[in-house]
Amino acid sequence: MTHDPGASRPRPSLTPPEFASALAQPRHAAPAAITPPATSPSPVPVGAPAVARRGRSATIWIVGILVLVLIALVGYFLNALGPGASIVGMVLALIPLAGVLFAVRLVDRWEPEPRGLLILAVAWGAIAAVGIALGADLVLTVAFGDADSTARDVLRTVVQAPVVEELAKGIGVFLIFATARRAFDGPVDGIVYGALVGAGFAFTENIQYFAVSFIEGGPAETSTTFFLRGILSPFAHVMFTSVTGFALGLAARRGLSTGQAIGPWLIGLAGAVALHAFWNGSAMFGDFFFLYLTLQVPLFIGFILGIVALRREESRLTRRRLGDYAAAGWFTPQEVDMLATSAGRKAALAWARTLRGDRSALMRTFIADATALAATRQRAITGRDPLAASEERDLLAKTAAARAAMFAP
């Protein structure tokens, strides 16, 4: 045994007498004097931090719940389907998800929503909504049994699935409305959030469908299932939940509070459930391909035309709100015309590319800030955003700076 020369020394205490605890901070020297400000600072608005903090706290709780449910879902899929089939299902499910996300991105290009909220919407649909649906299915199975009969299949497909799934997805859209009102300006925003929640739900549901088909029928059955769900109907859940989002978007446009929006939310939820039940029933009781061509395709076309009409209304609203600033001298009438149309924005970007050093990035910033300014003024008009005035000042300063930078030599 080797001898430790320091073994006989007393071990130093972690809380010596001069410190109250191991975490106490000693004072090694006198602190430097703090230089006073040249002018008295403006008072900090008391309400602003509280609003932001409340929204952040709600988001943290939602993310925490999503993480826990995700762990449970991963365990469920690995146990029920196995890792190999689960991976096959996930890879195939990513293909229609990518197409849906690209389509939603086109809808959201006019006034893009915060990326964090877009990710949250997809995550809610893919994790929380699926977890709620699976939990409800388990409870109903325990309560009523798992008897395999035609009546039970009809009830599960046409009633249970539409009600439970749309409620689970609709809760996510309502949470975004309640916790992020300043990013929920109107029907287009509601459709975007609802579509992304539906896309997330369809992604996880497709993993299960594709994996089961792979286990039971191999590549042949998997290909058939992928064609039916991934090619013919990738937008089904997107359309259903968009109805709920559309109703909440109308509530936001009218300046309704969270409590007042419960009624419109329930109406939108009822519409989503009816559409979902109609879709499932048409596939269960009739010739799928005939009903797909005669009912579901026209329904999808009507959905697209509705979005186009809403985008045009959003353009007109941008023109009106920026016209208010043009009357005050912040924009020229020509700039308002440019900012309020897709063609005008494309022409402006093409012109910015001809400037020295390609200033199209500055033009994109100018367009985005001006569009956000129009939405901010709309929120101020409805009286539902106590921070609209301060955000308006910031956006006016940003648009002025971007304009000056574009014309700088």
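Numbers for the structure displayed
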quantity: Added length on full extension, which subtracts the Cα-Cα distance from 0.36 nm per residue, Leu349 to Leu295; calculated: 15.4 nm
quantity: Cα-centred dipole magnitude for the range 318-406, charges only on beta-carbon of K, R (+1) and D, E (-1), debye, nearest 20; calculated: 240
quantity: Selection from Ala247, Ala199, Ser282 lying farthest towards where the dipole of the range 162-287 points positive, charges on Cβ; calculated: Ala247
quantity: Cα centre as origin, Lys/Arg/Asp/Glu Cβ charges: the range 52-285 dipole, Debye; calculated: 960
quantity: Full-stretch length increase - Ser315, Leu140 - with 0.36 nm per residue and alpha-carbon distance subtracted; calculated: 58.3 nm
quantity: Hz values of 3J(HN,Hα) by residue in the range 361-372 - Karplus curve (6.51, -1.76, 1.60), Gly and Pro given as x; calculated: 5, 5, 5, 4, 5, 4, 5, 5, 5, 5, 5, 5
quantity: Dipole axis of the chain (+1 Lys, Arg; -1 Asp, Glu on Cβ), positive-most option in Leu66, Ala326, Phe184; calculated: Ala326
quantity: Cα gyration tensor category, rounded, prolate or oblate, for the range 318-406 with a/c compared to 1.5; calculated: prolate
quantity: Virtual spin-label span in nm between Ala397 and Ile381, 7 Å along Cα→Cβ; calculated: 2.6
quantity: From phi via Karplus (6.51, -1.76, 1.60), per-residue ³J(HN,Hα) for the range 120-133 in Hz, x at Gly/Pro; calculated: 4, 4, 4, 5, 4, x, 6, 10, 5, 5, 5, x, 5, 5
quantity: Residue (of Ala388, Phe366, Thr354) at the positive-pole extreme of the range 318-406, dipole from beta-carbon charges; calculated: Thr354
quantity: Lys, Arg +1 and Asp, Glu -1 on Cβ, resulting dipole of the chain about Cα centre, debye, nearest 20; calculated: 1680
quantity: The range 52-285: C-alpha gyration tensor shape, a/c 1.5 cut-off, then a/b vs b/c; calculated: prolate
quantity: The range 318-406, relative contact order [Cα under 8 Å, separation at least 6], %; calculated: 27
quantity: Karplus-derived HN-Hα couplings along the range 392-409 (A = 6.51, B = -1.76, C = 1.60, θ = phi - 60°), whole Hz, x at Gly and Pro; calculated: 4, 4, 5, 5, 5, 5, 5, 5, 5, 5, 5, 4, 4, 5, 5, 8, 5, x
quantity: Separation between Cα centres of the range 280-354 and the range 157-186, rounded to whole Å; calculated: 23
quantity: Segment Ile95-Asp358, length gained on full extension (0.36 nm per residue, minus Cα span); calculated: 91.2 nm
quantity: Gyration tensor (alpha-carbon) shape descriptor, the chain, a/c threshold 1.5; calculated: oblate
quantity: Sites matching trypsin sites (Lys or Arg not before Pro) across the range 241-329 that sit in DSSP coil, with at most 14 neighbouring C-beta atoms within 10 Å; calculated: Arg254
quantity: Cα-projected label distance for Ile231 with Asp148, points at 7 Å along beta-carbon direction, nm; calculated: 2.9
quantity: Residues Ser390 and Thr332, FRET efficiency given R0 of 30 Å [Cβ-Cβ distance, rounded to 0.05]; calculated: 0.75
quantity: Spatial separation of Cα centroids for the range 58-131 and the range 189-267, in angstrom; calculated: 11
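Where a number appears in this text, it was derived from the coordinates with a stated rule and is not lab data. On a predicted model such as this, the values are computed, not experimentally measured, just so you know. Note that we place each Cβ from the backbone using ideal geometry, even for glycine, and neighbour counts take in every protein chain shown.
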